[in-house]
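Q: So that we are looking at the same thing, I have put the structure below in structure tokens.
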Amino acid sequence: MNQNTPPSSPLPSSQTSPTGAGSTGGRGDRTRRHNLSRVLTLLHRGAQRRSQLTAQTGLNRSTIAALVAELTELGLAYESEPDPTRQVGRPSPMVNADARTVAIAVNPEIDAITVGVVGLDGSLLKRIRYETETPPTVSEFVKISSLIIESVRGEYESTGRIVGIGIAAPGLVRVEDGLVRWAPHLHWRDEPITELLADATGYPVSTSNDASVGALGEHIYGAGRDVDDLIYLNGGASGIGGGIIAGGRPLTGRAGYAGEFGHVRVENGAAEKGTREEGSLETEVNRADLLQALGLTNVDSETLDAALRESTDPAVSELVRRQLLALGTSLRNAVNVLNPEVIVLGGFLASIFAFDPEFLIERVRSQSLEASFEGVQIVPAQLGADLLMIGAAELAFAALLEDPAAL
């Protein structure tokens, strides 16, 4: 089908393969499934001309045509006319991921639970923020999240499908089963939120650390696109976390706990002597101090950005530079240990970076090994407030991208 938008009719409840009728045996062909995965993954990262798909996969044109037809029949892709002003010679149809296939993203924080709906093309279709007066308990998190999800499921299931739920949790998450081992600011310890939300909603659920999914989102769609080695640091109401992409793949560590930059010691410490958090990055660089200095409470990142830009208070400037000094020490350590190409800062870390970017860059450069810092870029996250929603949705899309024919 050649059109500029996805079809408006609901997706079929069952599909047949244009390359193999509807037989189970045809669907079981490993090569075909692998190629479907390759093509859909490319489309998930951005619309492609058929000719681009041919070039990137090395498959012939007839095979690409058959794979696109099958993905279209599955409700995962659609074709549209190319922009004639940007074409030389015979135009090749554009192939797009179908945003009617969606994932649900959930992010619990100490002051809110945010639920988003993300299309297969990476677009954030809806975001609902439910503010809480106190950090939600696990039972409150499951109840609030499931009620929000129930309120939107009819809208998206009537014209498409919801493939699952991804949770971006601010804490240590065991990769094998999504158990939250420790989320200190939420007071959660060894909580099976993955299993609990799956039972409450009926959808498959995957959970990962919030900064790890942030790194994934920026790697696929944002400032780290086409970058194989990057570090992402996120600053939120629940503290500071980090995610690492190494060699183009997430670096999670043995159990999934890699990237806890917020707990790395950067100073002799203002915290109580002898505690685990003495002198940690989270102690020296925190959102609560910024909000107090600005006279704000419970604001989103855009409001904080604006307040810092507009502030003329010398005490605010002094506080931000103290925080940038501590952040610079942490980033220096990361540069020397991991040798990234790009460091991406999100949340309130992006806000203080924007306050004086050259100050932070020079701090990191002057403290890093000269060779290790060569070519390193420090940049703000590009996806802004959408980042954790888009990153968490990747957890839910993973099984679909691996095997689209298993729908």
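Q: When you check residue 113 against the structure, is it part of a strand (DSSP E or B), touching a residue at least 12 places away in the same chain (Cβ under 8 Å) and crowded, with 17+ Cβ neighbours inside 10 Å, yes or no?
A: yes
Q: Still on this structure: Looking at the range 116-130, which of the residues that are in contact (Cβ under 8 Å) with a residue 40 or more places away in the chain and part of a loop (DSSP other than H, G, I, E, B) is nearest to residue 385 (Cα to Cα)?
A: Residue satisfying both the conditions and the ranking: 122.
Q: For the range 136-182, what are the residues that are in a strand (DSSP E or B), crowded, with 19+ Cβ neighbours inside 10 Å and without any contact (Cβ under 8 Å) to a residue 60 or more places away in the chain?
A: Once the filter is applied, which keeps residues that are in a strand (DSSP E or B), crowded, with 19+ Cβ neighbours inside 10 Å and without any contact (Cβ under 8 Å) to a residue 60 or more places away in the chain, the range 136-182 yields only 180.
Q: Where residues in the range 116-135 are polar (S, T, N, Q) and open to solvent by less than 50 Å² (accessible area, probe 1.4 Å), which of them is modelled with the lowest pLDDT?
A: Checking each candidate, the answer is 132.
Q: May I pose another question? Quickly run through the range 285-299 and pick out the residues that are aliphatic (A, V, I, L, M) and open to solvent by 60 Å² or more (accessible area, probe 1.4 Å).
A: Passing the criteria: only 288.
Q: Report the residue count in the range 288-308 for those that are under 19 Å from residue 386 (Cα atoms) and either among the acidic types (Asp, Glu) or outside any loop (DSSP other than H, G, I, E, B) (or both).
A: So the answer is 7.
Q: Something else about it: Right, residue 200: among the small types (Gly, Ala, Ser), over 26 Å from residue 121 (Cβ atoms) and open to solvent by 50 Å² or more (accessible area, probe 1.4 Å) or not?
A: yes
Q: Going by the conditions given, is residue 385 within 19 Å of residue 209 (Cβ to Cβ) and out of contact with any strand residue (DSSP E or B) (no Cβ under 7 Å at 6 or more places or on another chain)?
A: yes
Q: A further question follows. Look at residue 392 and say whether it is surrounded by fewer than 21 Cβ atoms within 10 Å (Cβ to Cβ) and at pLDDT 95 or above.
A: No; evaluated as a whole, the condition is false for this residue.
Q: Please state which one of 51, 139, 80 is among the hydroxyl-bearing types (Ser, Thr, Tyr) and modelled with pLDDT of 95 or more.
A: None of the other options fit; the residue is 139.
The values are calculated or read from the model by the stated rules, or taken from the named source; none is laboratory data. Predicted model, so just to flag it, every value in this text is computed and none were measured. Here Cβ is always computed from backbone atoms with ideal geometry, including for glycine, and neighbour counts include all displayed protein chains. Calculation scope for accessible area: heavy atoms of the full protein, side chains included, ligands and nucleic acids excluded. Shrake-Rupley method; radii C 1.70, N 1.55, O 1.52, S 1.80 Å.
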